[in-house]
Amino acid sequence: MIKYSLTCKCNCTFDSWFASSSEFGRLMKKKLITCIECNSNDVNKSIMAPNVSGSKKIDNINYKFQKNIKKKIIEYQKFIKKNCRYVGDRFVQEARSIHYNKKETKSIYGRVTTDEIDELNEEGIETITIPWYDKTEN
Ligand SMILES: [Zn+2]
C-alpha cells in the first residue's frame, strides 16, 4: 500500500491509499480518482517536500551503495593483482612497450595520471581505470 497526498483544482488536499504506484497511475488514467470535496476527477498527486526521515533514508541508501561499490572495486583489485603484473609508476612506458613490441600478453597495472591515459588512448592503447583503495584503509 502506498499513500499519496492529492490536490484538486478546488484547492482541496486529501490523502488516499493505493495498492501501488502503478495502480495509482492506472486509476489516474481512467479518471477514477475523485475529490472528496467536489467529486471532480481533476486531481493531481501533490509534490511532497522530503522530510527528515526521508532524506535520512536516502543517505542510508547512498551509504550502502558506496559501500557496495567499494566492495566490488576491492574484489576487482584482487583480480587485477592476481592476473596482472604490477609496474608501479612505469605504467605508461610498459603499456607502450606491450603495445608496440607485442612481447607480453599479460596485462599490467600501475599508477597513471589522467593526462597519461589521454596520451595512451590517442595512441590506441586501451586502458581501464578504477579507483584504487589501499589495503590498510578499510
Ligand atoms: Zn475538489
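The values are calculated or read from the model by the stated rules, or taken from the named source; none is laboratory data. These figures come from a predicted structure and were not determined experimentally. Ideal geometry is used to build each Cβ from the backbone, glycine not excepted, and the neighbour counts take in all protein chains shown.
For this structure, a couple of remarks:
- Criterion (within 16 Å of the ligand (Cβ to nearest atom), charged (D, E, K, R) and either surrounded by fewer than 14 Cβ atoms within 10 Å (Cβ to Cβ) or at pLDDT below 90 (or both)) met by exactly one of E37, E75: E37
- P131, sole failed condition from (1) free of Cβ contacts under 8 Å to residues at least 40 places away in the same chain; (2) exposed (fewer than 10 other Cβ atoms within 10 Å of the Cβ): (1)
- Residue tally, condition free of Cβ contacts under 8 Å to residues at least 40 places away in the same chain and under 16 Å from M1 (Cβ atoms), over segment 15-45: 14
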